[in-house]
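What follows is a set of notes on a single structure, which appears directly below.
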Amino acid sequence: ENAQDLADKVNLNDEDRRYFCMVNGRFIFGDFIEAFAVENNLLIEDLTLSTLAYSKENVESLKNLIVGDYVQSLNIIVSDYFYSHNRDNVAYTYEQLDIDDKFQLAIAGTHTKVTLIRSGDKRIVITGSANLRSSRSVEEITIQDNAELYDFHKSWHDDVLRQYATIKKSIRSDKLWSVINEQQSDQSG
């Protein structure tokens with residue numbers, strides 16, 4: 001309810017608009033991401049999240065986005081603390097989100113709460129104190145379409161994902177063929 005209410009108020013078509021939000025303890029940030037994608041009928045080419053923690057309900061919400069064809073690529077960076085204390089939740093994450101090679105999970109010593117959404121020409125950055133799950137505390141988030149800020153955060157997120165990814169991606173068929181062709185053209189050129 002709270003997530004949908006905020007999703008209804010955020011207008012992606014406003015140029016250079018930032019939303020500064022204070023949210024109550026019943027606000028579930030993970031629900032906002034799903035409501036925001038559905039409300040704006042987004043085709044998200046890349047959704048990258050860094051967070052301290054998340055719940056099984058958040059996993060189900062993210063699965064809805066993948067299965068509903070709202071998200072083509074999902075990356076989550078979660079704290080090593082969460083990983084060491086929530087192994088059953090992490091196992092559930094792999095079971096539910098590792099669909100069609102669209103998901104990657106990285107475990108790192110991070111406490112950041114950053115959401116990056118690339119959809120067409122939109123580069124949406126959401127930062128603040130909110131984890132994906134409710135903390136039952138007042139939280140704050142900032143939502144903005146800002147390519148420069150997106151690129152800054154995406155760069156270091158990609159570095160963390162390269163170093164701490166937990167899913168070894170298979171390169172078969174089309175992907176493997178692309179790698180071979182790229183190497184062949186590099187050698188012949």
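The values are calculated or read from the model by the stated rules, or taken from the named source; none is laboratory data. Model, not experiment: these values are computed from the prediction. Note: ideal-geometry Cβ built from the backbone for every residue, glycine included; neighbour counts use all protein chains shown. Heavy atoms of the whole protein, side chains included, go into the accessibility calculation; ligands, DNA and RNA do not. Shrake-Rupley method; radii C 1.70, N 1.55, O 1.52, S 1.80 Å.
For the chain, set up a Gaussian network in which alpha carbons nearer than 10 Å are linked by springs, and say which option among Lys168, Lys154, Lys63 fluctuates the most.
Lys168
Write out the GluC sites (Glu not before Pro) in segment 23-106 meeting two conditions: DSSP loop, and at most 15 other Cβ atoms within 10 Å of their Cβ.
Details: sites: Glu34, Glu39, Glu45, Glu57, Glu60, Glu95; in loops: Glu45.
Here the sparse-neighbourhood loop sites are Glu45.
Within segment 72-111, whose backbone N sits under 20 Å from a point 7 Å along Cα→Cβ of Asp159?
The answer is 75-80, 105-111, whose backbone nitrogens lie closer than 20 Å to the label point.
Extension gain Lys169-Tyr94, at 0.36 nm per residue separation less the Cα-Cα distance, in nm?
Residue separation times 0.36 nm, minus the Cα-Cα distance, leaves 25.7 nm.
Leaving out ligands and nucleic acids, and using a 1.4 Å probe, what accessible area per residue does segment 13-121 come to in Å²?
Solvent-accessible surface per residue comes out at 46 Å².
Count charges around Glu1 for me, please; just the other residues with Cβ under 12 Å from its Cβ, Lys/Arg as +1, Asp/Glu as -1.
With Lys, Arg at +1 and Asp, Glu at -1, the neighbours total -2.
Need one number: nm distance between label points at Thr142 and Arg26, each 7 Å from Cα along Cα→Cβ, rounded to one decimal.
Distance between label points: 2.9 nm.
Rank Ala35, Ala147, Ala53 by mean-square fluctuation in a GNM of the chain with C-alpha springs under 10 angstrom and give only the top-ranked residue.
Between Ala35, Ala147, Ala53, it is Ala147 that shows the largest mean-square fluctuation.
Taking K and R as +1 and D and E as -1, what net charge do the other residues with C-beta under 10 Å from the C-beta of Leu97 add up to?
The answer is -1.
Can you work out the Karplus-derived ³J(HN,Hα) for every residue in segment 101-114? Use 6.51 cos²θ - 1.76 cosθ + 1.60 with θ = phi - 60°, whole Hz, and x for glycine or proline.
Along segment 101-114, the couplings run 6, 9, 10, 9, 10, 10, 10, 8, x, 10, 10, 6, 10, 10 Hz.
So for segment 1-140, averaging the separation of alpha carbon pairs under 8 Å that are six or more residues apart and normalising by length, what relative contact order in percent results?
34 percent
Ignoring ligands, DNA and RNA, please state the percent of accessible area on the chain from carbon and sulfur, probe 1.4 Å. Provide the component values of the computation, followed by the final result.
Working: 4720 of 10410 Å².
Here it works out to 45 percent.
For Val78, what is the net charge nearby, where nearby means another residue's Cβ is under 13 Å from its Cβ and Lys, Arg count +1, Asp, Glu -1?
With Lys, Arg at +1 and Asp, Glu at -1, the net is +2.
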